[in-house]
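A.B. asks: Can you keep this structure in mind? I'll have questions shortly.
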Amino acid sequence: MSRHLSICGSLKQAVDLSAGELDRLPEEGQIRDLNRLFPKRNGDGIRLSLLLERFPPSDDVTHLTLHARHDGFSASLPLNLVREVGVIQYQQDGQPLSEEQGGPFRFLIEQAAPCKTDELDACANVKYLDEIEYSVGKGKDTR
């Protein structure tokens, strides 16, 4: 299992980030206690909006596709809807997420609707996340 989060697709240059590199990104994008936003979820995360600011997509990007190679799961979400509510969990108890914790990374949506009820529903919370793909149009979605 890769311990890096790849950001690829329609952007100037693809990037691979470790949990440590995410932890060193600016504090204004950090969530140091996920339990404040996601009951029953412990650990630290980073706001998707900060990643989009640091590694901006091309102007024509409309969707983010979240890939988990571990189980072949993918969810493609409209960028304009998920930009401000997406969070990537990258560590728990100061350590990178293990596979048992759904690692290497987990994608979470603040106040997600119940599964199969909305485009940003709880089924778009992706465990085993290892790639975020910027795309023009909807990408692969196995939900």
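A.B. asks: Residue by residue through the stretch 115-143, note down the ones that are β-branched (Val, Ile, Thr) and in contact (Cβ under 8 Å) with a residue 40 or more places away in the chain.
C.D. replies: Taking the stretch 115-143 first, the residues β-branched (Val, Ile, Thr) are 117, 126, 132, 136, 142.
Those that are β-branched (Val, Ile, Thr) and in contact (Cβ under 8 Å) with a residue 40 or more places away in the chain: Val126, Ile132, Val136, Thr142.
A.B. asks: Here is a list: Arg54, Arg106, Arg83. Which entry is on the phi < 0 side of the Ramachandran plot, touching a Lys or Arg at 6+ places or on another chain (Cβ under 6 Å) and at pLDDT 95 or above? Break it down stepwise before answering.
C.D. replies: Details: Arg54 fails: touching a Lys or Arg at 6+ places or on another chain (Cβ under 6 Å); Arg83 fails: touching a Lys or Arg at 6+ places or on another chain (Cβ under 6 Å).
Step by step, each of Arg54, Arg106, Arg83 is checked, and only Arg106 is on the phi < 0 side of the Ramachandran plot, touching a Lys or Arg at 6+ places or on another chain (Cβ under 6 Å) and at pLDDT 95 or above.
A.B. asks: Can you tell which of Gly86, Gly103, Gly72, Gly94 is of a type in the set (Gly, Ala, Ser) and touching a helix residue (DSSP H, G or I) at 6+ places or on another chain (Cβ under 7 Å)?
C.D. replies: Values: Gly103 fails: touching a helix residue (DSSP H, G or I) at 6+ places or on another chain (Cβ under 7 Å); Gly72 fails: touching a helix residue (DSSP H, G or I) at 6+ places or on another chain (Cβ under 7 Å); Gly94 fails: touching a helix residue (DSSP H, G or I) at 6+ places or on another chain (Cβ under 7 Å).
The match here is Gly86.
A.B. asks: Only one of Gly86, Gly72, Gly94 is small (Gly, Ala, Ser) and under 10 Å from the mean Cα position of the chain (by Cα). Can you tell me which?
C.D. replies: Working: Gly72 fails: under 10 Å from the mean Cα position of the chain (by Cα); Gly94 fails: under 10 Å from the mean Cα position of the chain (by Cα).
From the options Gly86, Gly72, Gly94, the qualifying one is Gly86.
Residue-by-condition table, conditions (1) surrounded by fewer than 17 Cβ atoms within 10 Å (Cβ to Cβ); (2) without any contact (Cβ under 8 Å) to a residue 60 or more places away in the chain; (3) among the small types (Gly, Ala, Ser):
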| site | (1), (2), (3) |
| --- | --- |
| Ser10 | yes, no, yes |
| Gly43 | no, yes, yes |
| Phe55 | no, yes, no |
| Asp71 | yes, yes, no |
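A.B. asks: Out of all the residues in the stretch 38-85, which are hydroxyl-bearing (Ser, Thr, Tyr), touching a Pro at 6+ places or on another chain (Cβ under 7 Å) and not in a loop (DSSP other than H, G, I, E, B)? Lay out the reasoning, then the answer.
C.D. replies: Step one: of the stretch 38-85, the residues hydroxyl-bearing (Ser, Thr, Tyr) are 49, 58, 62, 65, 74, 76.
So of that shortlist, the ones also touching a Pro at 6+ places or on another chain (Cβ under 7 Å) come out as 62.
If the condition is that a residue be hydroxyl-bearing (Ser, Thr, Tyr), touching a Pro at 6+ places or on another chain (Cβ under 7 Å) and not in a loop (DSSP other than H, G, I, E, B), then no residue fits.
The values are calculated or read from the model by the stated rules, or taken from the named source; none is laboratory data. Remember, it's a predicted structure, so these values are computed and weren't measured experimentally. Because the Cβ atoms are built from the backbone with ideal geometry, glycine has one as well, and the counts that use them run over all protein chains shown.
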